[in-house]
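What follows is a set of notes on a single structure, which appears directly below.
The values are calculated or read from the model by the stated rules, or taken from the named source; none is laboratory data. On a predicted model such as this, the values are computed, not experimentally measured, just so you know. Here Cβ is always computed from backbone atoms with ideal geometry, including for glycine, and neighbour counts include all displayed protein chains.
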Amino acid sequence: MDFELTDELAALQETARRIAQDKVKPRARDIDETGEYPEDIFEVFRDAGLLGLCIPSEYGGSGAGILGLTLAIEEVAKYSNTAALMLLLTRLPTGPVMIAGSEAQRRRYLPGIADGSARAAFGLSEPQAGSDVMGMRTRAVPDGEGGWVLNGLKCWMSGVVQADWYTVFAKTPPPDRLDEPVDATARRHDAVTAFIVERRWDGVEVGNTDRKMGVRGVDTGELILEDVRVPAENVIGEVGGFRLAMLGLNSMRPIVAARGIGLAEGALMYATDYVQNRAAFGKTIADFQGIQWEVAKLATEIEAARLLTYRAAWMADRGQFTKEWVPYLSMAKYYATELAVKASGMAVQLLGAAGYMKDHPTELWYRDARQLTIVEGTSQVQLGLISRGVLDRDLWWD
């Protein structure tokens, strides 16, 4: 058992850390204040080769895998979860294409993500279908010529404004009875299919963008699909492939977790510097045992979250994101994101009144952390998946 990073991954980590400190950190507050997309940061990531980390080399990426992307996101999230989200969006919409897409799809859509000439977003959630994914109402109907016609509304899509193409899931007829009407209320796993939808096509429109509490700078909002014609070659995998949505999300768990541990690290480091320099009662705040214990507890939990997350990333890179491995992946996402909330809250508390003010980044971390326990499967969904793994004996110790 080897806990050391390879030379290549260690070099990647150092590069991401330097970029985070030199380029991301100075921009974090301004990105939050203006809510404007940080094109300059995107260009920095592009020039450093960070946009293609999870994409195989044959499609223009570096092949660093989910673990490589996890390491980079952890470093960036110490200062900006918006910038970390930009990196995450190189994997979320491309995941289904890499898992089940055709060779033609991979060669057409992946190189642009890797070299920064294209951006993508992921359309699964709908107003009535968040955690209840099967509640989606977007429909895809065969057009009689081998293609499909999509109608529906997706919401809460990160990067929707900036994207050039979208991975979209829609209800479809039974695979063996495509001439039947689409039942939007169907809850069969063969009732959902994934499509690649290009922004430039007729009927594709970005709707309202959301007014978010945090993670501002990468727009989140609606994608409206009105009689959008999608060619047969843009079906990802098989018709009736709902399982692909779950495989894609399962493999993303360590990447979201990395945003959590990075935020927790950034918050604790900042708060530690503050309490070591803030005088109180003839000492510094850091001289009080009660404060030291809080720092110690958070440091321990950060390391525990890191171990869970790195293991999950290693597993995902080995293709271990099917049902039997879900508990391990969900543990990383659950623990690391809840820790981000805890650490950011404690950082505000350690700074006292100062921590509540925009003079310090603690209130920014506090707002950003709340997103992480909701996106890509809430903490409650993760707990359900973990418990199901134990009940089904996928996670067992005997």
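Summary of values
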| quantity | calculated |
| --- | --- |
| Complete set of residues in segment 137-168 that are aliphatic (A, V, I, L, M) and part of a loop (DSSP other than H, G, I, E, B) | Val160, Val161, Ala163 |
| From the options Tyr356, Tyr334, residue that is buried (at least 17 other Cβ atoms within 10 Å of the Cβ) and either modelled with pLDDT under 95 or hydroxyl-bearing (Ser, Thr, Tyr) (or both) | Tyr334 |
| Options Leu87, Leu124, Leu150: the member that is surrounded by 17 or more Cβ atoms within 10 Å (Cβ to Cβ) and in the same structural domain as Gly52 (by TED's automatic domain parsing) | Leu87 |
| Selection count where residues are of a type in the set (A, V, I, L, M, F, W, C), in contact with a Gly (Cβ under 6 Å, 6 or more places away or on another chain) and surrounded by fewer than 16 Cβ atoms within 10 Å (Cβ to Cβ), scope segment 196-223 | 0 |
| Any hit, segment 104-121, residues being under 18 Å from Leu372 (Cα atoms), assigned to a strand (DSSP E or B) and touching a residue at least 40 places away in the same chain (Cβ under 8 Å) | yes |
| Residues located in segment 200-239, provided they are within 21 Å of the chain's Cα centre (by Cα) and assigned to a loop (DSSP other than H, G, I, E, B) | Asp210, Arg211, Lys212, Met213, Gly214, Val215, Arg216, Gly217, Val218, Asp219 |
| Failed criterion for Gly266 (all others in (1) of a type outside the set (Lys, Arg); (2) modelled with pLDDT of 95 or more; (3) surrounded by fewer than 22 Cβ atoms within 10 Å (Cβ to Cβ); (4) more than 26 Å from Val160 (Cα to Cα) hold) | (3) |
| Selection from segment 16-40 of residues that are in contact with a Leu (Cβ under 8 Å, 6 or more places away or on another chain) and either under 18 Å from Ala72 (Cα atoms) or polar (S, T, N, Q) (or both) | Ala16, Ile19, Ala28 |
| Enumeration of residues in segment 122-136 that are in a strand (DSSP E or B) and under 19 Å from Val230 (Cβ atoms) | Phe122, Gly123, Glu126 |
| Helices (runs of 4 or more DSSP H) within segment 266-380 that include 1 or more residues of a type in the set (Asp, Glu), out of contact with any Gly (no Cβ under 9 Å at 6 or more places or on another chain) and within 30 Å of Asp210 (Cα to Cα) | none |
